[in-house]
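For reference, the structure discussed in these notes is given below.
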Amino acid sequence: MTLPEEFTTYTRALMGEERFARFLGALDEPAPVSIRVNPFKAEATPETGADRVAWCRGGYYLDSRPAFTFDPLLHAGAYYVQEAGSMYLDEVLRRYMPSGDLIALDLCAAPGGKSTLLRARLSENSLLVSNEPIRPRAQVLAENMIKWGHPHCVVTNNFPEDFRHLEAAFDLIVVDAPCSGEGMFRKDEVAVSEWSLQNVEACVQRQRRILADIWPCLKSGGLLVYSTCTFNRYEDEENTAWICLLYTSDA
């Protein structure tokens, strides 16, 4: 895989030589295949001896990638195909999610991986609002939430600023923000071709606008989970520090 020179220079400095070499090697390897079982529809493991994802209840690695589109269990919502790294949200919620019946918002929810995970982790009477600003993606989200099958879920098609008037409405907000997509390099050549430092900076500013729009919606003592599928510190550590500096004193 040919990576942008600016990305290579920056990421090598960020990771160090040994970790960067391992990173490059991983980009040339096939991605592991993992699924998450729907606890409302299935209890058995997907196959005998399947390895569990250590940080996610119901997550399993598969030895190979089957033809998912031909599996009626997928279309019935018995499981969801999701990368194991994205399943770490389950561990975060297990450790930090407020107890009791909650009102939760998944702000950038399509295609539905984190929303289905949220719905499985929330208490039975909690309400989940799964939102996606882009209409075609919102339609995919709605289809996946219908397949998942829990009634206490609302799918919306709004931009983050549309939620501003819902002050202190949510106990839990998940912002899996649009990003520069460095974590997608292994499976999406377009992500590689579109990467630039200018795009990284544009993503940083967009992420901050999203966070500024949604922060007033979080209840005092509530939990906001911010995540990206990228590696650079600008969109991750520096944005996390920005959140802490501007907002946590008000929480």
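The values are calculated or read from the model by the stated rules, or taken from the named source; none is laboratory data. Worth saying up front: this structure is predicted, and the values here are computed from it rather than measured. Cβ atoms come from the backbone with ideal geometry, glycine included; neighbour counts cover every protein chain shown. In case anyone asks, the SASA skips ligands and DNA or RNA and just uses the protein heavy atoms, side chains included. Shrake-Rupley method; radii C 1.70, N 1.55, O 1.52, S 1.80 Å.
Counted as qualifying within the stretch 1-111 are no helices (runs of 4 or more DSSP H), as none has 1 or more residues that are of a type in the set (S, T, N, Q) and closer than 22 Å to residue 149 by Cβ. Among the residues of the stretch 152-194, those identified as in a loop (DSSP other than H, G, I, E, B), at pLDDT below 95 and more than 20 Å from the chain's Cα centre (by Cα) are 164, 165.
Per the conditions (1) surrounded by 17 or more Cβ atoms within 10 Å (Cβ to Cβ); (2) on the phi > 0 side of the Ramachandran plot, the sole criterion not satisfied by residue 168 is (1).
Go through the stretch 232-249 and give me each residue that's in contact with a Phe, Trp or Tyr (Cβ under 8 Å, 6 or more places away or on another chain) and either open to solvent by 70 Å² or more (accessible area, probe 1.4 Å) or of a type in the set (Val, Ile, Thr) (or both). Residues satisfying the conditions are 240, 243. If you take the residues of the stretch 98-149 that are in contact with a Ser or Thr (Cβ under 6 Å, 6 or more places away or on another chain) and among the charged types (D, E, K, R), which of them is least open to solvent (accessible area, probe 1.4 Å)? Selected residue: 106.
Among the residues of the stretch 1-14, which ones are of a type outside the set (Gly, Ala, Ser) and without any contact (Cβ under 8 Å) to a residue 60 or more places away in the chain? Correct list: 5, 8, 9, 12. Only a single item in (1) at pLDDT 95 or above; (2) closer than 30 Å to residue 135 by Cα is not met by residue 18, and it is number (2).
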